[in-house]
Amino acid sequence: MAFEPVREMKKLNYEELRIYSDAELKNYTEEELKSFKCKYEIPKLDELEKGPWPSFVSDAKQEALRRRKLSDDQILTHRDAVEDLLGQLELSFDEGETHWKHGGIVGVFGYGGGVIGRYSDLAEKYPSIAMFHTIRVNQPASKFYSTDFLKTICDMWEYRGSGLMNLHGSTGDLVLLGTTTEQLEPIFYELGHVLDTDIGGSGSNLRTPACCIGKARCEYACYDTQALCYELTNYYQDELHRPAFPYKFKFKFDGCPNGCVASIARSDMSFIGTWRDDIRIDQDAVKAYIAGDIVPNAGAHKGRDWGKFDIQKEVIDLCPSKCMSLEGDQLVIDNSECVRCMHCINTMPKALKPGVDTGISILLGAKAPILDGAQMATLMIPFMKAEAPYDNIKEFVEKVWEFWMEEGKNRERLGELMQRVTLPKFIETIGLPPAPQMVKAPRSNPYIFWKEEDVKGGWNRDINDYRSRHKR
Amino acid sequence: MALSKERLGRYNPEKPQENRLTDLGPRHFWEFFPPVIQENYGKWLYHDILEPGILAHVSETGAKVYTVRCGAARFMTVQHVREICEIADKYCKGYVRFTTRNNIEFLVDSIEGLEALKKDLESRKFAGGSFKFPIGGTGAGISNIVHTQGYIHCHTPATDASSMVKAVSDELFEYFKGMTLPAKLRVSMACCLNMCGAVHCSDIALLGYHRKPPIVDHEYISKLCEIPLAIAACPVGAISPDKTESGKKTVKIKSERCMFCGNCYTMCQALPLSDQEGDGVTILAGGKISNRISDPKFSKVVVPWLPNSFPRFPEVVENVKKIVEAYAKGANKYERLGDWAERIGWERFFEQCGLEFTEHLIDDYRLAYDTWRTSTQFKFTDAAWEVSKVAGGIEE
């Protein structure tokens, strides 16, 4: 099977797009790199070159040296940007405070997000990073790349920016760190015209959606996470680029309840793959696990001797709903009692697979602690089919947005609005019937906000009538 | 159409709308899949972790794809990305992938290709001596530590991110390279509680935190901010309107109410919080995202504050190691850190990790009551005997 983009995309061939020749890319020797000294004394950062984990300082020095040696016509912004950044970082360590100014409204024409203004508060001391704006480039779904794309973006970014980036930012974007205001529009034009791509979200808009690896390389994926992520990202381009929301809004797409992109903890609308039929069982493979012929848990525990695999202890007894048993050498699952936690499937992936009648659960309202404390997403829709063109999902998204945009206060995340208006009121507004699946337990207090229409006779009563039966 | 070398490229400031392309969206994922991924999309049968960092996925077509997962600093230069591309061009048909946790994944479709790729990756080191592409981060071990910008590029941090992550990753390296833990252990780092990194559901979370209320820039606040917005930004009502001696509009802070969340500074740049003595690191533990066995859960604060000891944060590293080692020793197979702590009881968790329990760790914010013990089921640890002694319940 193949998926088609929503529009034809430019083919990318680095050889036709590049700025630097091979010779220009290798403009320093190993010896020069070894003896490189930053123009500032940076003893604390130098210390971070030691140890086995990849050192961001060593990496930064590579680019610092390269920029020193690029000729004037090979670079448009400050060649000292990396060294000035290291200098300011060292000073921040000495002083225990950041030296980036608060805010700075910059952007590209017609968009309200995707660019974050950043200014040093030590512009005289570190002039090359006086302006050091961030551009968020919308990453391709699940972050596969061709090297043609990456090498082209590297050339463009070294020529027009600092050459420093994040792969990736927390929300998922490919982040370009540090350029001048003048270069924002030219970079946006290069991204659009040459790389045929777009920037991501920031501010009070739809943030760049992100998904897990899904069916591209995972046997657990219950829907096409990339396809849904790509479709909703494109369908909601206006919401992504032009802030019209009370605050940020995040979509994340997990293919199964293992939750590799953490949608349940960090997205206002979390799409998690699930199934509603039976777990598929290969009884021969179950026997092979029991016999020790297959390494359990796909080998995840190989580093330690945990003894012989014990299906009773390691799978059946750990099942949260206790819906499994062994009858003879047959593994039996009472699927109606299964809560789809994935443990048995993760532990015996060659024997067990999710069902084939798959879809998504939708949960709402996760967020980090600012302001009223962190929230986990709350289960709203237990099961929904997730198939192109995803009209059912879009309809639900828009119902939720309509309510949030109507009722949400400035900087109120969806989860906070749900708490403020209460869950019963929220589900009523978006048109969902109440279900015990939405709560961990029913309420333990009896303070039910009965509505007048719920109670026979209404609330208008005559005190004289009451007194005719009860003396004062 | 090659990249432009003109100073303003294809942009004409005289006519900003001319040739403007907008709302293109991201590039389509399918073109970035290597052939083996395109051909086997949705057909994967199972996978095996051959050794730490090496995954083998097997398709119903019989095809196999081998993935080499490498750690990386998410802060990267174009030079490093070009080196990643050089490797991907040489071994992986020009494709590469990054994971949600900022690992690099190189995919090959033959075992011969895998061996050559591994050897090459392991041989590459930065001039300073660290590995460029350490292989690991799979199974029951520690994967890459996700983190935020810190002093490198943020205006609100209470600590730095890249340096702390480097220091902790160096110390936990054996767990990245091995699969010796009872279950996966996810470490995350955020430099203030805006938590761009959403670390609040991690097995171990490192969180930068301020401890001094904002300083008011009285002379400038009315020019820099919408004062009512700054007042409304405070979740505990600690900010109220005031006037300077010269009659300028400003605000005053009820310091004893401040919980140092920094939301006022986000809304108003005239209310900075950062401070060398005040700022530091909080450690949280026991959260998880996965629905496996138990529900996803929040991390809990287990160390209220540690100093920002740049650049290597020895106090943070020491406390993280204490927690990881106690967990490695005490937890059952498949048990995540939070599940272990709940099984043995948090009182035992503090004892086994050698962490001090202080009053800061008892919740006094909203819904605090949910965390109080309303049962006689508890375990005796030294902390319990201390209470008994103070209360006069037992002899010294």
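Go through segment B:39-51 residue by residue and turn each phi into a ³J(HN,Hα) via Karplus (6.51, -1.76, 1.60, θ = phi - 60°); whole Hz please, and just put x for glycine and proline.
For segment B:39-51, the Karplus-derived couplings read 5, 10, 4, x, 10, 5, 9, 6, 9, 9, 8, 5, 7 Hz, x marking Gly and Pro.
Report the charge-dipole magnitude of segment A:280-353 in Debye, nearest 20, computed about the Cα centre from +1 at each Lys and Arg Cβ and -1 at each Asp and Glu Cβ. Kindly include the intermediate steps, with their values, before the conclusion.
Working: 10 positive and 11 negative charges, 65 e Å.
Computed charge dipole of segment A:280-353: roughly 320 debye.
Scattering from the C-alpha atoms of segment A:273-423 alone, worked out with Debye: what is log10 I(q)/I(0) at q = 0.09, 0.18 1/Å?
-0.45, -1.02
Please find the FRET efficiency linking B:R7 to A:R7, where r is the Cβ-Cβ separation and R0 is fixed at 45 Å, and quote it to the nearest 0.05.
Working: r = 30 Å, r/R0 = 0.67.
Efficiency at R0 = 45 Å is approximately 0.90.
Ranked from the most accessible area to the least, with a 1.4 Å probe and all protein chains present, what is the order of B:Y11, A:Y220? Before the final figure, lay out each step's value.
On the way: B:Y11 40, A:Y220 20 Å².
Order by accessible area, largest first: B:Y11, A:Y220.
Looking at segment A:305-382, which trypsin sites (Lys or Arg not before Pro) are DSSP coil and have at most 14 other C-beta atoms within 10 Å of their C-beta? Don't jump to the answer; show the numbers that get you there.
Numbers: sites: A:K308, A:K313, A:K322, A:R340, A:K350, A:K367; in loops: A:K308, A:K322, A:R340, A:K350.
Here the sparse-neighbourhood loop sites are A:K308, A:K322.
If you take each beta carbon of peptide A:232-243 and count the beta carbons of other chains within 10 angstrom, what is the mean? Can you show the working numbers first?
Numbers: counts 0, 2, 5, 1, 1, 4, 2, 0, 3, 3, 2, 0.
Mean partner shielding for this stretch: 2.
Do any of A:K252/A:K322; B:K90/B:K119; A:K151/B:K93; A:K61/A:K151; B:K64/B:K118 go past 23 Å between their Cα atoms, and which?
Details: A:K252/A:K322 30 Å; B:K90/B:K119 13 Å; A:K151/B:K93 14 Å; A:K61/A:K151 19 Å; B:K64/B:K118 17 Å.
In this structure, A:K252/A:K322 exceed 23 Å between Cα atoms.
Rounded to the nearest 10 degrees, what's the angle between the helix A:225-235 long axis and the longest principal axis of chain A, both from Cα atoms, 0 to 90?
Tilt of helix A:225-235: around 80 degrees.
Rounded, prolate or oblate, given the Cα gyration tensor of the protein assembly as shown, with a/c below 1.5 counting as rounded? Kindly include the intermediate steps, with their values, before the conclusion.
On the way: a/c = 1.34, a/b = 1.12, b/c = 1.19.
Cα axes put the protein assembly as shown in the rounded bin.
Using only the alpha-carbon atoms, how far is helix A:147-160 inclined from the longest principal axis of chain A? Give it as 0 to 90 degrees, nearest 10.
Rounded to the nearest ten degrees, it is 60.
Given B:F29, B:G53, B:F75, which one lies farthest toward the positive end of the charge dipole of segment B:29-123, if we put +1 on the Cβ of every Lys and Arg and -1 on the Cβ of every Asp and Glu?
Working it through, the farthest residue towards the positive pole turns out to be B:F75.
Mind checking the dipole of segment B:97-235: about its Cα centre, +1 per Lys or Arg Cβ, -1 per Asp or Glu Cβ, Debye to the nearest 20? Write out the running numbers ahead of the final one.
Working: 14 positive and 14 negative charges, 19 e Å.
Once rounded to the nearest 20, the dipole reads 80 debye.
I'd like the chymotrypsin sites (Phe, Trp or Tyr not before Pro) in segment A:45-119 restricted to DSSP loop residues with at most 16 other Cβ atoms within 10 Å, sorted by number.
Values: sites: A:F56, A:F93, A:W100, A:F109, A:Y111, A:Y119; in loops: A:F109, A:Y111.
Counting only loop positions with at most 16 other Cβ atoms within 10 Å, the chymotrypsin sites (Phe, Trp or Tyr not before Pro) in segment A:45-119 are A:F109.
Please arrange B:D48, A:D391, A:D84 by accessible surface area, largest first, computed with a 1.4 Å probe and ligands excluded.
Values: B:D48 35, A:D391 95, A:D84 0 Å².
Descending accessible area places them as A:D391, B:D48, A:D84.
What number, in percent, do you get for the relative contact order of chain B if the mean sequence gap of Cα pairs under 8 Å and at least 6 apart is divided by its residue count?
Details: 690 pairs, mean separation 43.7, N = 396.
Computed value for chain B: 11 percent relative contact order.
Would you list, by chain and number, the lysines whose Cα falls below 19 Å from the Cα of A:K451, excluding same-chain residues fewer than 8 positions away?
A:K425
Can you work out the FRET efficiency for the pair A:D278 and A:D329, with r the C-beta to C-beta distance and R0 = 22 Å, to the nearest 0.05? All intermediate terms of the calculation are to be shown ahead of the outcome.
Details: r = 19 Å, r/R0 = 0.87.
Computed FRET efficiency for A:D278 and A:D329 comes out at 0.70.
With each run of n ≥ 4 DSSP H residues scored as -39500 (n - 2.57), what mean residue ellipticity at 222 nm is computed for chain B after dividing by its residue count and rounding to the nearest 500 deg cm²/dmol? It would help to have the intermediate numbers written out before the result.
Values: 12 runs with 105 residues, N = 396.
The per-residue figure over chain B is -7500 deg cm²/dmol.
Cysteines without a disulfide-compatible partner in chain A, using Cβ under 4.7 Å as the rule?
So far as the 4.7 Å Cβ criterion goes, A:C38, A:C154, A:C218, A:C222, A:C256, A:C319, A:C323, A:C338, A:C341, A:C344 stand without a partner in chain A.
Estimate the FRET efficiency between A:A288 and A:A435 by the formula 1/(1 + (r/R0)^6), using the beta-carbon distance for r and 25 Å for R0, to the nearest 0.05.
Working: r = 40 Å, r/R0 = 1.59.
That pair, A:A288 with A:A435, gives E of 0.05.
Taking the Cα centre as origin and putting +1 on Lys and Arg beta-carbons and -1 on Asp and Glu beta-carbons, what dipole magnitude results for chain A, to the nearest 20 debye?
Values: 60 positive and 72 negative charges, 358 e Å.
It works out to roughly 1720 debye.
Output ³J(HN,Hα) for segment B:315-326: one whole-Hz value per residue in order, computed from phi by the Karplus curve 6.51 cos²θ - 1.76 cosθ + 1.60 with θ = phi - 60°, and x for Gly and Pro.
These are the phi-based 3J(HN,Hα) values: 5, 5, 4, 4, 5, 4, 4, 4, 5, 4, 5, 5 Hz.
Roughly to the nearest percent, how much of the accessible area of chain A is carbon and sulfur, given a 1.4 Å probe?
On the way: 10010 of 19470 Å².
The value for chain A is 51 percent carbon and sulfur by accessible area.
DSSP loop (so not H, G, I, E, B), at most 12 other Cβ within 10 Å: list which chymotrypsin sites (Phe, Trp or Tyr not before Pro) in segment A:381-464 pass both filters. Don't jump to the answer; show the numbers that get you there.
Details: sites: A:F383, A:Y390, A:F396, A:W401, A:F403, A:W404, A:F426, A:Y447, A:F449, A:W450, A:W459; in loops: A:Y390, A:Y447, A:F449, A:W450, A:W459.
For chymotrypsin sites (Phe, Trp or Tyr not before Pro) across segment A:381-464 that sit outside H, G, I, E and B with at most 12 neighbouring Cβ atoms in 10 Å, the list reads A:Y447, A:F449, A:W450, A:W459.
At a threshold of 8 angstrom on Cα-Cα distance, excluding pairs fewer than six apart, so keeping six or more, what relative contact order does segment A:142-199 reach in percent? Present the calculation step by step, with values, prior to reporting the outcome.
Details: 46 pairs, mean separation 15.6, N = 58.
Across segment A:142-199, relative contact order equals 27 percent.
Would you mind classifying segment B:220-267 by shape? Square roots of the alpha carbon gyration tensor eigenvalues, ordered a ≥ b ≥ c; an a/c under 1.5 is rounded, otherwise it is prolate if a/b is larger than b/c and oblate if not.
Taking the square roots of the gyration eigenvalues as a ≥ b ≥ c, segment B:220-267 is oblate.
Rounded, prolate or oblate: which one fits segment B:29-123, using the alpha carbon gyration tensor with axes a ≥ b ≥ c (rounded when a/c is under 1.5, else prolate when a/b beats b/c, else oblate)? All intermediate terms of the calculation are to be shown ahead of the outcome.
Working: a/c = 1.70, a/b = 1.48, b/c = 1.15.
It comes out prolate by the Cα gyration axes.
Just to be sure I understand: with springs between alpha-carbon atoms less than 10 Å apart, which residue in B:T266, B:T138, B:T244 has the highest mean-square fluctuation in the Gaussian network model of chain B?
For chain B, modelled as a Gaussian network with Cα springs under 10 Å, the answer is B:T244.
Along the Cα-to-Cβ line of A:Y466, 7 Å from the Cα, sits a label point; which residues in segment A:443-458 have backbone N less than 15 Å from it?
A:458
When the Karplus curve 6.51 cos²θ - 1.76 cosθ + 1.60 is applied with θ = phi - 60°, which whole-Hz ³J(HN,Hα) does each residue of segment A:6-14 get, with x for Gly and Pro?
Coupling constants for segment A:6-14: 5, 8, 5, 10, 5, 6, 10, 10, 3 Hz.
Sum -39500 (n - 2.57) across every DSSP H segment of at least 4 residues in chain A, then divide by the residue count to get the 222 nm mean residue ellipticity, nearest 500.
Values: 17 runs with 142 residues, N = 472.
It comes out at -8000 deg cm²/dmol, rounded to the nearest 500.
Give me the accessible area per residue for segment B:29-123, probe 1.4 Å, as a whole number in Å².
Numbers: 3000 Å² over 95 residues.
Value returned for segment B:29-123: 32 Å² of accessible area per residue.
I want the antiparallel fraction of DSSP beta bridges within chain A, as a percent rounded to 5. Write down the numbers at each step before the final one.
On the way: 30 of 37 bridges.
Bridges in chain A that DSSP calls antiparallel: roughly 80 percent.
Counting only other chains, and only Cβ atoms inside 10 Å, what mean value do you get across the residues of A:371-382? Could the numbers behind the result be given before it?
Details: counts 8, 4, 7, 9, 2, 8, 1, 0, 0, 0, 0, 0.
Across the residues of A:371-382, the mean count of other-chain Cβ atoms within 10 Å is 3.
Can you list the residues, at least 5 places off or on another chain, whose amide H is less than 5 Å from the amide H of A:M348, using H built in the peptide plane?
Those qualifying (amide H under 5 Å, at least 5 residues apart or on another chain) are A:N297.
For the pairing of chain A with chain B, what total accessible surface becomes buried, with a 1.4 angstrom probe, in square angstrom to the nearest 100?
Working: alone 26320 and 23290 Å², together 35760 Å².
Interface between A and B: roughly 13800 Å².
On a straight-distance basis, which lysines could pair with A:K353 in a cross-link, Cα separation under 16 angstrom, same-chain partners fewer than 8 positions away excluded?
Answer for A:K353, where 16 Å is the Cα cut-off: A:K215, A:K287, B:K43, listed by chain and number.
What is the mean number of Cβ atoms from other protein chains located within 10 Å of the Cβ atom of each residue in peptide A:130-142, rounded to a whole number? Numbers along the way, then the final one.
Working: counts 0, 0, 2, 1, 3, 0, 0, 2, 4, 4, 9, 6, 8.
The per-residue average across the peptide is 3.
Please compute the per residue accessible area over chain A with all protein chains in place, 1.4 Å probe, rounded to a whole number of Å². Mind showing how you got there, number by number?
Working: 19470 Å² over 472 residues.
Dividing the accessible area of chain A by its residue count gives 41 Å².
The values are calculated or read from the model by the stated rules, or taken from the named source; none is laboratory data. All figures in this text were calculated on a predicted structure; none of them were measured in a lab. Please note: Cβ atoms are built from the backbone with ideal geometry, for glycine as well, and neighbour counts cover all protein chains shown. Remember, those area values only see protein heavy atoms, side chains included, never the ligands or the DNA or RNA. Shrake-Rupley method; radii C 1.70, N 1.55, O 1.52, S 1.80 Å.
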